[in-house]
Amino acid sequence: MDFLRPAGWEEALAAKAEHPTAVPLAGGTDVMVEINFDHRRPEYLMDLGRIDELTEWEVREDSVRLGASVPYTKIMENLSAELPGLALASHTVASPQIRNRGGVGGNLGTASPAGDAHPALLAAGAEVEVESVRGTRRIPIDAFYTGVKRNALAPDELIRAVHIEKADGPQQFSKVGTRNAMVIAVCAFGLALHPATRTVRTGIGSAAPTPVRAAAAEDFLNAALEEGGFWDNGKIITPSAVKRFADLCSAACNPIDDVRGTASYRRHAVGVMARRTLTWTWEAYRGARRATEGAA
């Protein structure tokens with residue numbers, strides 16, 4: 001195994017073009033585990049640790065540009081207002097040591113359906129900035145996951161950053177595991193309300209071959225909220241609508257039985273998380289509306 005250690009981004013792109021099979025190494029929290037257990041033996045490892053720009057973020061007027069290697073701890077400490085769903089997901093990642101090393105770029109590169117960042121990124125409608133010596137492109141998160149641990153990256157491309165719109169409404173993240181910490185998700189669920197566009201987006205993890213959205217559930221809830229005037233009147237969503245939303249989220253799953261949980265349990269748990277996160281986010285939305293009206 002050869003070890004590549006580029007000093008800058010351009011050098012990294014050149015190395016990736018010359019060695020397309022090179023496996024990027026940033027936090028190393030996934031790759032090194034696979035290597036240590038001899039589950040993976042890449043021909044080349046490319047250490048991106050000397051590229052400082054990958055650990056930087058920029059808060060823009062309407063969005064955040066998040067470097068691929070920004071540690072989860074930094075997201076929790078600095079971006080909880082702008083990216084609340086991702087910050088909540090970051091809290092559930094493994095241990096403090098791993099949260100200090102791992103970043104969203106690693107989750108995306110590995111593309112495991114159990115990655116904690118994926119549901120929040122789907123719910124927020126993120127875009128992945130990737131680059132090669134041929135140029136730069138931005139991949140919508142909905143098109144990024146292409147199969148089990150597969151993504152839309154070309155062999156010569158590297159993930160540079162993730163672009164995420166600032167939250168314009170409440171966001172939530174929920175995860176089920178076999179214990180309370182240091183655990184791979186049995187299943188996970190992310191939900192984001194977008195009052196500016198009067199839409200709801202979801203993200204489901206570890207309950208299908210890839211991270212997925214519950215598109216039918218979103219369509220149902222978007223229509224129910226609009227028809228009932230809920231965005232304007234701020235009323236409690238009817239229990240029947242909440243249940244239907246949860247059932248459709250369960251139906252969006254395509255899970256398997258494994259050592260962490262059965263397929264039927266995963267479907268059930270996703271429905272429970274969908275119901276709870278919708279209740280939490282809608283209550284937060286109603287509270288914000290009341291506060292705005294009281295201040296007016």
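The values are calculated or read from the model by the stated rules, or taken from the named source; none is laboratory data. Since the structure is predicted, the reported quantities are computational estimates derived from the model, not experimental observations. Counting neighbours? That spans all protein chains shown, and the Cβs are built from the backbone with ideal geometry, glycine included. Side chains are part of the model used for accessible areas, which takes the heavy atoms of the whole protein and leaves out ligands, DNA and RNA. Shrake-Rupley method; radii C 1.70, N 1.55, O 1.52, S 1.80 Å.
Tell me whether the chain comes out rounded, prolate or oblate; compute the Cα gyration tensor, take square roots of the eigenvalues as a ≥ b ≥ c, and use a/c under 1.5 as the rounded threshold.
prolate
Any chance you could run the full-extension gain for Trp9 through Asp52? It's 0.36 nm times the residue separation minus the Cα-Cα distance, nm to one decimal.
Roughly 14.6 nm would be gained on extension.
With runs of 4+ DSSP H residues as the only contributors, calculate the mean residue ellipticity of the chain at 222 nm using -39,500 (n - 2.57) per run, divided by the residue total and rounded to the nearest 500.
-11500 deg cm²/dmol
Send over a whole-number figure in Å² for the accessible area per residue of the chain, probe 1.4 Å.
46
Arranged from highest to lowest average of other beta-carbon atoms within 10 Å per residue, in what order do the peptides 207-215, 132-140, 63-71, 258-266 appear?
63-71, 207-215, 258-266, 132-140
So how tilted is helix 239-251 from the main axis of the chain? Cα-based, degrees 0 to 90, rounded to 10.
With both axes taken from Cα atoms, the answer is about 30 degrees.
Pop a pseudo-label 7 angstrom from the Cα along the beta-carbon direction at both Asp257 and Met1 and give the gap in nm to one decimal.
Label-label distance for Asp257 and Met1, simple model: 3.5 nm.
Starting from the exponent 0.38 and prefactor 2.2 Å, build the expected Rg for the range 93-148 from its residue count and divide its actual Cα Rg by it.
Working it through for the range 93-148, the quotient is 1.22.
Based on the alpha-carbon gyration tensor of the range 97-210 and its eigenvalue square roots a ≥ b ≥ c, which shape applies: rounded if a/c is under 1.5, prolate if not and a/b is larger than b/c, or oblate?
Oblate, since a/c reaches 1.5 and b/c is not below a/b.
What does the range 200-291 give for Rg and for Dmax, in Å, if only its C-alpha atoms count?
That works out to 14.2, 46 Å for Rg and Dmax.
Of the cross-linked pairs Lys74/Lys149; Lys16/Lys149; Lys16/Lys175; Lys166/Lys235; Lys74/Lys235, which ones have a Cα-Cα span greater than 28 Å in the structure shown?
Long pairs (Cα-Cα over 28 Å): Lys16/Lys175; Lys74/Lys235.
I need the shape label for the range 141-270. Rule: rounded when a/c is under 1.5, else prolate if a/b > b/c, else oblate, with a, b, c from the alpha carbon gyration tensor.
oblate
Roughly how many Å is it from the Cα centre of the range 1-51 to that of the range 216-239, as a whole number?
Between the Cα centres of the range 1-51 and the range 216-239 lies a distance of 47 Å.
Given charges of +1 on the Cβ of Lys and Arg and -1 on the Cβ of Asp and Glu, with all other atoms neutral, how large is the dipole of the range 148-296 about its Cα centre, in debye to the nearest 20?
The dipole of the range 148-296 has a size of about 460 debye.
Over the chain, what is the relative contact order in percent, taking alpha-carbon pairs closer than 8 angstrom and at least six residues apart?
15
Compute the helix-to-body angle for 263-295: its Cα long axis versus the longest principal axis of the chain, expressed 0 to 90° and rounded to tens.
70
Can you give me the relative contact order of the range 123-214 as a percent, contacts being Cα pairs under 8 Å and 6 or more apart?
26
For the range 273-296 and the range 158-180, what is the separation of their C-alpha centers, rounded to whole Å?
19
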